[in-house]
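The values are calculated or read from the model by the stated rules, or taken from the named source; none is laboratory data. In this text the structure is predicted, and so the values were computed from the model without any measurement. No Cβ is skipped: glycine too gets one built from the backbone with ideal geometry, and neighbour counts run over all protein chains shown. Areas reflect the complete protein model, heavy atoms only, side chains present, ligands, DNA and RNA absent. Shrake-Rupley method; radii C 1.70, N 1.55, O 1.52, S 1.80 Å.
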Amino acid sequence: MLLETLQRYWGYDGFRPLQEQAMQCALNGRDSLVIMPTGGGKSLCFQAPAMCLPGIAIVVSPLISLMKDQVDALKTCGIAAEFINSSMSAEDRLRVATEIRAERIKLLYVSPERLVQDKTIDFLKGLKISLFAIDEAHCVSEWGHDFRVEYRQLRVLRTSFPEIGIHAYTATATERVREDIVASLELRDPELLVGSFDRPNLIYKAERRSKGLAQVGEVLDRHRGESGIIYCTTRNDVDKLHQALNELGMKTLPYHAGLPDHERRKNQEAFIEERVDIIVATVAFGMGIDKSNVRFVLHYGMPKSLENYQQESGRAGRDGLEADCTLLYSGAEFIRWKSTLDELPSDGARQAATQSLEAMSRFCTGAICRHRVLVNYFGQDLPSGQAESCGACDVCLGQLDLVPDPMVLAQKILSSVVRQGERFAMTHTARVLKGSKEKYVLQFGHDKLSTYGLLAAEDQKTICDWIEQLVGQGFLKKAGDYHDLKVTPEGWALLKGNATPRLIQPATATKTKTQAAVIEDSWEGVDKPLFELLRDLRRTKADELAVPAYIVFTDTALRDMARRRPVTLDGFRHVKGVGEKKLADFGEIFITCIAEYCREHNIASDILVPDAPIKSAPKPARPLSDSLDGPSASAIGSFRFFRERKSVAEVAAIMNRAVSTVGGYLTEFIRHEQITDPTPWVEATLVKQIEDAALEEGLDRLRPIFDRFTGAVSYEQIRPVIECLRVRMQSTPEP
Ligand code: ADP
Ligand code: ZN
């Protein structure tokens, strides 16, 4: 029943991890606390059950903007949802109340301050309520990062509606917050469901901010025409970076608390409605933004805690498609953040903040798998298959420029720490290794140590970086108020030659090639120009309906359309993210657009794609023609005709299919039967010309080959020739 509902309204064909269990709780009325990272799919955990249960589900949501978004999204899926908050006119409220009383609404979003009012409670008492869902439940806790007083009063739900299940959802995982939620909401023996905090589709990368703007440019280049957020630590940085980028012809909008309200709102809307791709912002931006297709989050400065980083970078790729999280840090930031911690009121708070800051710094400089650092911090481990390499961070992708002989270098540093009696901090140690004549170095006689000047050729800053990396990898630790360096047991193993660290070269020459390969992956089979066309169409539709573009269709859905290229409503139904309502509302116009495009460019429509999820995690390269594991069922029927060397036009006539579709079958036939000679289908002289063009342009993309003939040769003619060429090349052993 749940699956059917998922398919019918959302067009999804399966559950995300823990969703099913969470939905079962909601159905059975057992209280639950569901902890999933941003983008994990929390909303569906209560929305789908609400559609299966009689009555109305009440959803508490802290932000008006978020509420409207969710309700809009539900309505486009054909679900009767409404919200009540202070932004509405009395007239609207009356209309909604009437609808509710008539039992026509399945989900009602309410702000906490409104919900706890007596008159609201009284109103709700007259209704048949299916469940209560508390979104962003960490807001009840003072230990969370977003405490809201009104959330505290939500326990009134338990007292007023003792028989109805309460379900809390959050992305904040600490033990303390968890306990607080259970206690404050008076949850009864709640099922605790904690999801994996790893976000495999995010590709993390951290590099020292050495060339500033140029590094930003690199990221933006990789993501032309895609949505992204650039976070800065100060308003001043926001203004400066925004200005600089616009001078370079890159359109961005700024967002920070210093801007007038209306301007801030306007800029945020422009971003959500995709009128501008990039927003440059302080951390003030993002809470309550549910945009699912943010393709990159770039930090132009290190956040003050790893929790902050997790949350901000987590705004990328909520649709589950790959997204790029690049962090540019500088050593000075650590010190600056550190100095702000002194203002914290209590020792406990200061200590917690210091730990988060240190974790943040280790994430940057540790040269350890970034996915691992993040999940470990949240008390989890990476899935065992990823123990060696996550495949989605600069460390594991081998993009860091590593020191060739890190063991010897690290031993020099560690021996200096030992010889100094493990009583000195990082900067002093770096000075000794550098061979500095600084006062304290001389005063302690450290210029007499055998390690004095051992790294004289290096920058002192570089030496500090390496020390940080050794701390990050657990070979050294900082102890006491003065952060004296001490050698850990792992460090002693290293001194004996029984462990190897990973140290990064000072120059940040980055290699982006591997990453590009990863990014290409989930575009497998997608016709990019068609994707762009569909994106425009989506924007037009969204404007007509006055909703954000991604509410019409997510990027995942558009890619799937541009991959499958359905030209019938039946085919359109199979696209990920197309449920019945969207099929009815948008099917016709999207398939018309797709059909026109396929006709115009003479490319195959109705491509059969196996219904397995498109993996966003990287995998080894495979031959390009290998996108399907075997021939598709519909193509197989054509094979006997091709064996008789019938032409595409003939087969199309026999099978009553479009020529473009049958052209696709021919490609499958060639691949399946390992045909090497295309002349039954393409004239010999033309074959030669196409092959010559292909050998110069490469076999990866047909477009450049097509362009060479300036329209004189069709894709239908190019495709079989190329496919035969691939078969020939694959069967020729490498010399
Ligand atoms: P969260 O609230 O946990 O941050 P959302 O509920 O906003 O996450 O979901 C993130 C994205 O994942 C949305 O675009 C949503 O439609 C999509 N999604 C959720 N569940 C599924 C599913 N079972 N199959 C496919 N997509 C899903
Ligand atoms: Zn990794």
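Farthest toward the positive end of the dipole of the chain, out of L583, V727, V408, is the Cα of V408, where the dipole comes from beta carbon charges about the Cα centre. Given the chain, what percent of its DSSP beta bridges are antiparallel, to the nearest 5? Around 10 percent of the beta bridges assigned by DSSP in the chain are antiparallel ones. Sparsely packed loop sites in the stretch 463-496 (the trypsin sites (Lys or Arg not before Pro) outside DSSP H, G, I, E and B with at most 16 other Cβ atoms within 10 Å) comprise K496. A crude spin-label estimate for the pair Y440 and S87, with each label 7 Å from Cα along the Cβ direction, gives 5.3 nm. At R0 = 51 Å, how high is the FRET efficiency between R265 and R188 if r is their beta carbon distance? Nearest 0.05 is fine. Calculated transfer efficiency: 0.80.
Straight Cα distances below 16 angstrom link K478 to the aspartates and glutamates E358, E422, D465, E468, E490, with same-chain residues fewer than 8 positions distant left out. Counting only Cβ charges, +1 for Lys and Arg and -1 for Asp and Glu, the dipole size of the stretch 327-413 around its Cα centre is about 60 debye.
Could you size up the charge dipole of the stretch 2-194 around its Cα centre, putting +1 on the beta carbon of Lys and Arg and -1 on that of Asp and Glu, and report it in debye to the nearest 20? Spell out each step's value before the answer.
Values: 22 positive and 26 negative charges, 77 e Å.
Dipole size: approximately 380 debye.
Please identify the trypsin sites (Lys or Arg not before Pro) of the stretch 72-169 that satisfy two criteria: DSSP loop assignment and at most 13 other Cβ atoms within 10 Å. Which are they?
On the way: sites: K75, R93, R95, R101, R104, K106, R114, K119, K125, K128, R148, R152, R155, R158; in loops: R104, K106, K128, R148.
Here the trypsin sites (Lys or Arg not before Pro) that fit, given the DSSP loop and packing criteria, are R104, K128.
Extension gain for the segment S339 to E142, taken as residue separation times 0.36 nm less the Cα-Cα distance, is 68.6 nm to one decimal.
Can you send over the carbon and sulfur percentage of the accessible area for the chain, probe radius 1.4 Å, protein chains only? Don't skip to the end; give the middle numbers.
Values: 16700 of 32350 Å².
C and S fraction of accessible area: 52 percent.
Between F161 and V408, the modelled label-to-label distance comes to 7.0 nm, taking each label 7 Å out from Cα in the direction of the beta carbon. Once the 1.4 Å probe is applied to the protein heavy atoms, the chain comes out at 44 Å² accessible per residue.
What lysines sit close enough to K106 to cross-link, taking a C-alpha to C-alpha distance under 19 Å and skipping anything fewer than 8 places away on the same chain? Counting by Cα, and skipping residues close in sequence, K106 has these lysines nearby: K42, K68, K75, K125, K128, K581, K582.
Helix content alone sets the calculated 222 nm mean residue ellipticity of the chain: runs of n ≥ 4 DSSP H residues at -39500 (n - 2.57) each, divided across all residues, give -14000 deg cm²/dmol. Label positions at V149 and D118, each projected 7 Å from the Cα along the C-beta direction, are separated by 2.0 nm.
Which of rounded, prolate, oblate describes the chain, given a ≥ b ≥ c as roots of the alpha-carbon gyration tensor eigenvalues and a/c under 1.5 marking rounded, otherwise prolate only if a/b is larger than b/c?
On the way: a/c = 2.13, a/b = 1.16, b/c = 1.84.
Oblate, because a/c is 1.5 or more while a/b does not exceed b/c.
Computed about the Cα centre, the dipole magnitude for the stretch 406-495 is approximately 240 debye when only Lys and Arg (+1) and Asp and Glu (-1) carry charge, each at its Cβ.
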